[in-house]
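J.: Just passing along the structure, written as structure tokens.
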Amino acid sequence: MQDFGLDNYASLEAKQQPTWEDAARLAEVRAELSKLPPLVFAGEVDTLRQRLAQAAAGEAFLLQGGDCAETFADATADRIRNRIKTVLQMAVVLMYGSSLPVIKMGRMAGQFAKPRSSDNETREGVTLPAYRGDAVNGYDFTAESRRHDAGRLLSAYHTSSSTLNLIRAFTTGGFADLREVHSWNKGFVDNPANKKYESIAGDIDRAMRFMEACGVDSAELRATEFFVSHEGLLFDYERPLTRIDSRTSLPYVTSGHFIWVGERTRQLDGAHIDFFSRVRNPLGVKLGPTSQVSDVLALIDKLDPEREPGRLTLISRMGAGKIRDELPKLVEAVRDAGAQPLWITDPMHGNGITTANGYKSRRFDDVLDEVTGFFEVHRALGTHPGGLHVELTGDDVAECLGGSEQIDEASLEAKYETVCDPRLNHMQSLELAFLVAEQLVETARRKGDS
Ligand code: PEP
Ligand code: MN
């Protein structure tokens, strides 16, 4: 068989890897993972690449959202359903506003490992290893829970598997039927974003009845494609789940459809870029405010040497105060180099703050401002603002400040649930979707004028 160099990463520096306690256990776990069935099928991954190519060409929009860190405990039917519902509602708002197809993708069914800025965490004089996601250790602040336990990789696989099973059931089994647009909004109708949504849902209902009267009954209206993605971080998980597809004889990471490399692990000569450059999945790379033009061009050459449509998504996460200064030179250089990656905005990770009462938070206004800046930059350069990457939950939490519910610092004390970064709650997510829809309409209007 052809040697794809899938183990080459092992000779390179791999940042953010766990220090597993028990090497023998790790070997067992890797052997078991390598025998377990793939979570996704290569054909689906290829379909996603085609969809992303459409988005890169300006003919679709990517909506990617979910937890910062999924947890085993929260992989329940209710919580998964609420997240799917929120993503479906956002997608309706975006499609209705922009008339563009929306590619729906969860940060779900695999987002169990986190890179951390610091290896340790200190609370009241006690220092323990930092929480690195449920795939590595536990969130409880005890020495036992914070051990790096390779057995957790198997739990990550099985939890991803049951999550994905439910996602497939919801999105193809009737729940995502467009005739259900109203039911996704149940329990939420008393606030401005949900009222606005209700009026769109009314329009869609009428259109559906009209089509029914015409005898149209299309499968596309009864079910939806839904892809899953996570940060590709842990080699002890991703390598055993990388398989040679029998149809194409090429390697695919089968732990999810789309994999992104994070801001902390995207070194050009590092293990992550090497490993993921060798697989067929569409890839993302996070780009923070210190990204240099030369690095971005070199990343494109490594990850997408053929300039294959849909292969590469660049996820900028600059911060509201920086995006208008830092993004244009990157977009311009990439455009002038003849590459056409999909550009999407992550308006979360450049906007972290710590509140006076000690919570890691983000201001909703900063999130909106970064998204607006992203659209402004692309409009000015004539490139396509192709998607949105957000940390969200379908639940009624209070983690990000502001929005129409005016979440303030005191509210965080009652409803702050995340184990990692603060997420938009259901309502903030919907409000954001309305803003993005307006921006897409404005972009299309300017294009039409020019
Ligand atoms: C994340 O997406 O949760 C994350 C850690 O992002 P970044 O790599 O952009 O900091
Ligand atoms: Mn995060």
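J.: Among the residues of the range 123-131, is any within 14 Å of ligand 1 (Cβ to nearest atom), within 21 Å of residue 75 (Cβ to Cβ), buried (at least 24 other Cβ atoms within 10 Å of the Cβ) and at pLDDT 95 or above?
T.: No, the range 123-131 has no match at all.
J.: While we're looking at this one, here's another question. Looking at the range 58-76, is at least one residue part of a helix (DSSP H, G or I) and either touching an Asp or Glu at 6+ places or on another chain (Cβ under 6 Å) or open to solvent by 10 Å² or more (accessible area, probe 1.4 Å) (or both)?
T.: no
J.: Continuing with this model, one more query. For the range 212-266, give me each residue that is among the charged types (D, E, K, R), open to solvent by 30 Å² or more (accessible area, probe 1.4 Å) and more than 16 Å from ligand 2 (Cβ to nearest atom).
T.: The answer is 212, 217, 220, 222, 225, 239, 243, 247.
J.: Here's a follow-up. The conditions are (1) assigned to a helix (DSSP H, G or I); (2) modelled with pLDDT of 90 or more; (3) not hydroxyl-bearing (Ser, Thr, Tyr), and residue 230 fails exactly one of them. Which is it?
T.: Of the numbered conditions (1) assigned to a helix (DSSP H, G or I); (2) modelled with pLDDT of 90 or more; (3) not hydroxyl-bearing (Ser, Thr, Tyr), the odd one out for residue 230 is (1).
J.: So which residues in the range 418-428 are assigned to a loop (DSSP other than H, G, I, E, B) and either within 16 Å of ligand 1 (Cβ to nearest atom) or at pLDDT below 95 (or both), if there are any at all?
T.: Once the filter is applied, which keeps residues that are assigned to a loop (DSSP other than H, G, I, E, B) and either within 16 Å of ligand 1 (Cβ to nearest atom) or at pLDDT below 95 (or both), the range 418-428 yields 418, 419, 420, 421, 422, 423.
J.: Kindly establish whether residue 440 is more than 16 Å from ligand 2 (Cβ to nearest atom), at pLDDT 95 or above, open to solvent by less than 40 Å² (accessible area, probe 1.4 Å) and closer than 18 Å to residue 351 by Cβ. Working first, answer last.
T.: Numbers: more than 16 Å from ligand 2 (Cβ to nearest atom): yes; at pLDDT 95 or above: yes; open to solvent by less than 40 Å² (accessible area, probe 1.4 Å): yes; closer than 18 Å to residue 351 by Cβ: no.
Answer is no for this residue.
J.: For residue 430, are the conditions met, namely being in contact (Cβ under 8 Å) with a residue 24 or more places away in the chain, surrounded by 24 or more Cβ atoms within 10 Å (Cβ to Cβ) and away from ligand 2 (no atom under 16 Å from the Cβ)?
T.: yes
J.: Within the range 33-42, identify whether any single residue is assigned to a helix (DSSP H, G or I) and within 16 Å of ligand 1 (Cβ to nearest atom), and answer yes or no.
T.: Checking the range 33-42: not a single residue is assigned to a helix (DSSP H, G or I) and within 16 Å of ligand 1 (Cβ to nearest atom).
J.: Do we find that residue 88 is touching a residue at least 24 places away in the same chain (Cβ under 8 Å), open to solvent by less than 10 Å² (accessible area, probe 1.4 Å), part of a helix (DSSP H, G or I) and over 27 Å from residue 352 (Cβ atoms) in this structure?
T.: Yes: the conditions hold for residue 88.
J.: If you don't mind, there's one more thing I want to ask. Restrict the check to the range 367-384 and report whether at least one residue is within 15 Å of ligand 2 (Cβ to nearest atom), among the small types (Gly, Ala, Ser) and touching a residue at least 24 places away in the same chain (Cβ under 8 Å).
T.: There is no residue in the range 367-384 that is within 15 Å of ligand 2 (Cβ to nearest atom), among the small types (Gly, Ala, Ser) and touching a residue at least 24 places away in the same chain (Cβ under 8 Å).
Let's see how each residue does on (1) modelled with pLDDT of 95 or more; (2) open to solvent by less than 10 Å² (accessible area, probe 1.4 Å):
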{"site": "121", "(1), (2)": "yes, no"}
{"site": "137", "(1), (2)": "yes, yes"}
{"site": "142", "(1), (2)": "yes, no"}
{"site": "148", "(1), (2)": "yes, no"}
{"site": "158", "(1), (2)": "yes, no"}
{"site": "181", "(1), (2)": "no, yes"}
{"site": "191", "(1), (2)": "no, no"}
{"site": "199", "(1), (2)": "no, no"}
{"site": "210", "(1), (2)": "no, no"}
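The values are calculated or read from the model by the stated rules, or taken from the named source; none is laboratory data. The model shown is predicted, which means the values in this text are computed figures rather than measured ones. Don't worry about glycine lacking a Cβ; one is built from the backbone with ideal geometry, like all the others, and counts go over all protein chains shown. Only protein heavy atoms, including side chains, enter the accessible area calculation; ligands, DNA and RNA are left aside. Shrake-Rupley method; radii C 1.70, N 1.55, O 1.52, S 1.80 Å.
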